[in-house]
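Reviewing the structure listed below.
The values are calculated or read from the model by the stated rules, or taken from the named source; none is laboratory data. From a predicted model like this one, the values you see are computed outputs, not experimental measurements. Ideal geometry is used to build each Cβ from the backbone, glycine not excepted, and the neighbour counts take in all protein chains shown.
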């Protein structure tokens, strides 16, 4: 089981295999970020403010490049409020002007009022660079795993531990 | 007879292979073979440089954010993909399951790669390449394959038995036999005569539905292993 400990090369190889699993996952994520030009190309819906389109736990796929047309009214976008790192999924309902400085207003389909209250102090509208992507696809329910993991942080430790053990103990 | 303290699960093919793989360098190095770690070292340096790159990428991404480091991240992702592709290529097309590379005391270069191609057949496949020393002109590169069942050097409890394993290597690989003449000669007394089975006896065994694997075989038929071995030998002959 731990016979490899006596052999430094074998131990290094096992460590490398474990490291490569982690780094490959990370680099795939970063690769996707680069392709979609979005710092977070996959997000999980955390609230019901976009029901019935998206439910809590849906996984959204984002695209943040304006190749054919500008981001405009009707698109569901994910944005970050200034100085806050919580991505919000809402729909663009108003747009004034064009180009990177166009003023955008968003609103959740299931909310009574628009998002002006959610924005930071002194921020009355969004601009293009606040947006981290438009929703181009979704997978229902899958994101619930991450909601569980963030609501019960000890699950993360358990999962990492099990994965690490499996790699160390098994040498296929 | 030397028997390992450690026990493995005899039904786990990966365990059987790994234990045997580990035994080969131990044996050959004890015979004053000089092991070359070239293949492993290249694999390790490819893997660790890829990992280091990813770690660096993680750090700058964490510190400076996505937007300001986009270009570097893009380059890092490309290089990482290349390194990983190279690593995969190295493992599948260059190493090809090589577990030992080295030089015999007599100067020959030897390369041993192993595999277990059939997932349900516990047979050890060894591909051996022997290259004569550079000085000896006219020597030809020699390569051959040995296929042996693991039952020859694992007992029913999962202990690795050293003597038959080393004997197998010394008898089938000339270079190893030269370095270890004691093992190369078949042990006196231990005659390789398999017990003779009559067709009636085999039919009776089949009727009793005795499985040749599993614990039933251990208790019910101590001879069935020998019979299987004999069958394997006959197949090869």
Here the residues within segment A:15-48 that are surrounded by 17 or more Cβ atoms within 10 Å (Cβ to Cβ), more than 8 Å from chain B (Cβ to nearest Cβ) and in contact with a helix residue (DSSP H, G or I) (Cβ under 6 Å, 6 or more places away or on another chain) are A:41, A:44
Quickly run through segment B:1-36 and pick out the residues that are part of a loop (DSSP other than H, G, I, E, B) and in contact (Cβ under 8 Å) with a residue 40 or more places away in the chain.
B:1, B:2, B:8, B:9, B:10, B:11, B:31, B:32, B:33, B:36
Report yes if residue B:126 is within 11 Å of another protein chain (Cβ to nearest Cβ) and either surrounded by 13 or more Cβ atoms within 10 Å (Cβ to Cβ) or farther than 30 Å from residue B:141 by Cβ (or both), otherwise no.
no
When the residues of segment B:26-36 are filtered to those that are surrounded by fewer than 19 Cβ atoms within 10 Å (Cβ to Cβ) and in contact with a strand residue (DSSP E or B) (Cβ under 9 Å, 6 or more places away or on another chain), which remaining residue is farthest from the other protein chains (Cβ to nearest Cβ)?
B:34
When segment A:115-127 is checked residue by residue, the ones that are surrounded by fewer than 17 Cβ atoms within 10 Å (Cβ to Cβ) and out of contact with any helix residue (DSSP H, G or I) (no Cβ under 9 Å at 6 or more places or on another chain) are A:116, A:117, A:120, A:121, A:122, A:127
Enumerate the pairs (first residue in segment B:37-56 and more than 10 Å from chain A (Cβ to nearest Cβ) and exposed (fewer than 13 other Cβ atoms within 10 Å of the Cβ); second residue anywhere and modelled with pLDDT of 95 or more and part of a helix (DSSP H, G or I)) with beta-carbon separation below 8 Å, excluding pairs fewer than 6 apart on the same chain, so at least 6 apart or on different chains.
B:56/B:76
Can you find a residue that is surrounded by fewer than 12 Cβ atoms within 10 Å (Cβ to Cβ), more than 19 Å from residue A:49 (Cβ to Cβ) and either within 14 Å of chain B (Cβ to nearest Cβ) or over 23 Å from the mean Cα position of the chain (by Cα) (or both) anywhere in segment A:151-162?
yes
